[in-house]
Amino acid sequence: MKNNGVPDQDSPPGAVTPLEAKARLVEGNRRFMAGTPGSKEPGAEKRRALLQHGQNPFAVIVGCSDSRVPPELIFDGDLGDLFVLRSAGNLVDAIALGSIEYAVEHLDVPLVVVLGHESCGAVKAAVLAHKATLRLSPGMQAMVEKIRPAVEKALRKAKAGADRSYSLVELSVDENIRAVKDELVSCSSLLAEGVQAGRVEVVEAKYYLGSGEVVFLNES
Ligand SMILES: [Zn+2]
């Protein structure tokens, strides 16, 4: 099943469970936080093996484009480990959804992580746009409109007495992560069926810029 540490194409689907995939991310993030990256295979060898056997990533990361939140670094991943989509505000559209479905259906990836982060500029822009009329380009307008429902939900929670030490931006970041996760499952029957069958998990996580920690939300 393994060839020089690289899983080959004959690995049975679901060889890595959602739980195992999550544990690998948690371990990688701990190494990143500690500043002790794990050993990586030599680049040329690894590239050849991945070309010969194909890719076999163990997690899809739907993250923000923010330069401070590169998934491969914060999870201490190696070449071929992570299937990554990034956009400001960790948003998805139909094409991004297709990319995620491809990874789950054809690469047998068992885990999809919607990864938001502390102090997200896209979410800040959406909070500002909710308070005042901003002159935004059509592209940025579409971005803040997509985040707007999360801001409105956060506002309702703030009014209902949510933790006052938690800012509206951070509440909105959390709501946006939740909204994107819900969107993935509700807009994709392929993902919903995978979740139902236990083949794949879609989870929410938040990255903290200062500590470097990724916290998985709604842990049971
Ligand atoms: Zn961001």
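Counting only DSSP beta bridges with both residues in the chain, what percent are antiparallel, rounded to the nearest 5?
Values: 5 of 20 bridges.
Roughly 25 percent of the DSSP beta bridges within the chain come out antiparallel.
Return one number: the angle in degrees, 0 to 90 and rounded to the nearest 10, between the long axis of the Cα atoms of helix 138-159 and the longest principal axis of the Cα atoms of the chain.
Once rounded, one gets 70 degrees.
With a cap of 13 neighbouring Cβ atoms within 10 Å, and only residues DSSP puts in a loop, list the trypsin sites (Lys or Arg not before Pro) found in the stretch 86-160.
On the way: sites: Arg86, Lys124, Lys131, Arg135, Lys146, Lys153, Arg156, Lys157, Lys159; in loops: Arg135.
Within the stretch 86-160, the qualifying trypsin sites (Lys or Arg not before Pro) (loop, at most 13 other Cβ atoms within 10 Å) are Arg135.
What FRET efficiency comes out for the pair Arg47/Leu128, r = Cβ-Cβ distance, R0 = 45 Å, nearest 0.05? Working shown, then result.
Values: r = 44 Å, r/R0 = 0.97.
The value I calculate is 0.55.
Enter the angle in degrees (range 0 to 90, nearest 10) between the Cα long axis of helix 121-131 and the first principal axis of the Cα atoms of the chain, meaning the one along which they spread out most.
The answer is roughly 20 degrees.
Taking +1 at the Cβ of each Lys and Arg and -1 at the Cβ of each Asp and Glu, which of Leu136, Val200, Gly89 sits farthest along the dipole of the chain towards its positive end, judged by Cα position relative to the Cα centre?
In the chain, that residue is Leu136.
Mind pulling the angle between the C-alpha long axis of helix 168-187 and the longest principal axis of the chain? Nearest 10 degrees, somewhere in 0 to 90.
Once rounded, one gets 50 degrees.
Taking only DSSP H segments of four or more residues, each worth -39500 (n - 2.57), what value at 222 nm results for the chain once the sum is divided by all its residues, to the nearest 500 deg cm²/dmol?
On the way: 8 runs with 107 residues, N = 220.
Helix-only estimate at 222 nm: -15500 deg cm²/dmol.
Contour minus end-to-end for Val185 and Ala23, with contour as 0.36 nm per residue of separation and end-to-end as the Cα-Cα distance? Don't skip to the end; give the middle numbers.
Values: separation 162, 0.36 × 162 = 58.32 nm, distance 2.20 nm.
Answer, rounded to one decimal: 56.1 nm.
In nm², what is the average projected area of the convex hull enclosing the Cα atoms of the stretch 2-216? Don't skip to the end; give the middle numbers.
On the way: hull surface 52.3 nm².
Taking the Cα atoms of the stretch 2-216, their convex hull projects to 13.1 nm² on average.
Taken together, the values in this text are just the output of simple stated rules run on the coordinates, not laboratory data. Worth saying up front: this structure is predicted, and the values here are computed from it rather than measured. Please note: Cβ atoms are built from the backbone with ideal geometry, for glycine as well, and neighbour counts cover all protein chains shown.
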